[in-house]
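Step one of this worksheet: look at the structure below.
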C-alpha cells in the first residue's frame, strides 16, 4: 500500500484566476446530511449536520460527483461515483442539503470535467478512504494513493486547478470547512427533494 504525506502550507480559501481570465462559469458544492451509523460518526467528528459533500457541474444537479456510496443502500461499496439525486431521495427522502455556488473560469471548469472523465474511466481503481478518517480527526495530513473522502476529493480538485486555496492541506478538509467557506453563494437550504422540485417548477405534482 502506497501512502504519502504532503504537509505544504496553504493560503486563505480565496478565489483565484490565472491570467485574469473572467470567472464567468460556476460550480456547485452540495452539502448533504444523511442518517445512519457511519454518518453519525462523521457528524460527531465534524460537529455539523452536513456530513457529505458533492461537486455539482450544473445548477439542476444532473451532473454531480463525489466519493461515497456507489449504491445508497450498501455503504460498504464506496468510491468515486456520479451522484444520482433521485436515488439519494429514494433512500433518504428527508435528507437535508445546502446548495452553494462558487465561480471559476471556463478553462478551470474544463479542467474539472477532464478530471471527472478520467475518474469515470478508471472508477474501479479509486476508492473511499477509511484509513484516512482518523487522520482527519487529529488534523494530520495523510493520503492513500487513489483513495479519498468526499471532502478531500472536492478540496484537491478545487486547489489543483487554482479555483480555491485553503488554509489547510486538502487531505484534512471536512464538510465543515466548506460549510464555513465565506465566499460561497448559498442558493438553497432544505431537503434535496425540495430543491429539485423548486428547480423543476414542481412539475411532478402537476398532472
Taking residue 86 and the conditions (1) at pLDDT 85 or above; (2) surrounded by 15 or more Cβ atoms within 10 Å (Cβ to Cβ), which numbered condition does it fall short on, given that it satisfies the others? (2)
Restricting the search to the range 100-128, which residues are touching a helix residue (DSSP H, G or I) at 6+ places or on another chain (Cβ under 7 Å) and within 27 Å of residue 182 (Cα to Cα)? 112, 115
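Here is a yes/no grid of residues against (1) closer than 19 Å to residue 84 by Cβ; (2) modelled with pLDDT of 90 or more; (3) in contact with a helix residue (DSSP H, G or I) (Cβ under 9 Å, 6 or more places away or on another chain):
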| site | (1), (2), (3) |
| --- | --- |
| 174 | no, yes, yes |
| 179 | no, yes, yes |
| 186 | no, yes, no |
| 194 | yes, yes, no |
| 198 | yes, no, no |
Residues (within 17 Å of residue 190 (Cα to Cα) and at pLDDT 85 or above) located in the range 91-107: 95, 96, 97, 98, 99, 100, 101
Looking at 185, 167 in this structure, which one is in contact (Cβ under 8 Å) with a residue 60 or more places away in the chain, surrounded by fewer than 16 Cβ atoms within 10 Å (Cβ to Cβ) and in contact with a strand residue (DSSP E or B) (Cβ under 9 Å, 6 or more places away or on another chain)? 185
State all residues of the range 132-162 that are in a loop (DSSP other than H, G, I, E, B) and more than 14 Å from the chain's Cα centre (by Cα); if no residue qualifies, say none. 138, 139, 140, 141, 142, 145, 146, 161, 162
Going by the structure shown, is residue 124 loosely packed, with under 14 Cβ neighbours inside 10 Å and part of a helix (DSSP H, G or I)? yes
On the given criteria, is residue 134 surrounded by fewer than 13 Cβ atoms within 10 Å (Cβ to Cβ), at pLDDT below 95 and closer than 18 Å to residue 51 by Cα? yes
Note on residue 146: of the conditions (1) farther than 18 Å from residue 108 by Cβ; (2) touching a helix residue (DSSP H, G or I) at 6+ places or on another chain (Cβ under 9 Å); (3) surrounded by fewer than 21 Cβ atoms within 10 Å (Cβ to Cβ); (4) touching a residue at least 60 places away in the same chain (Cβ under 8 Å), unmet is (4)
Restricting the search to the range 95-112, which residues are closer than 29 Å to residue 193 by Cβ and either without any contact (Cβ under 8 Å) to a residue 24 or more places away in the chain or exposed (fewer than 12 other Cβ atoms within 10 Å of the Cβ) (or both)? none
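The values are calculated or read from the model by the stated rules, or taken from the named source; none is laboratory data. Since the structure is predicted, the reported quantities are computational estimates derived from the model, not experimental observations. All Cβ positions, glycine included, derive from the backbone under ideal geometry; neighbour counts span all protein chains shown.
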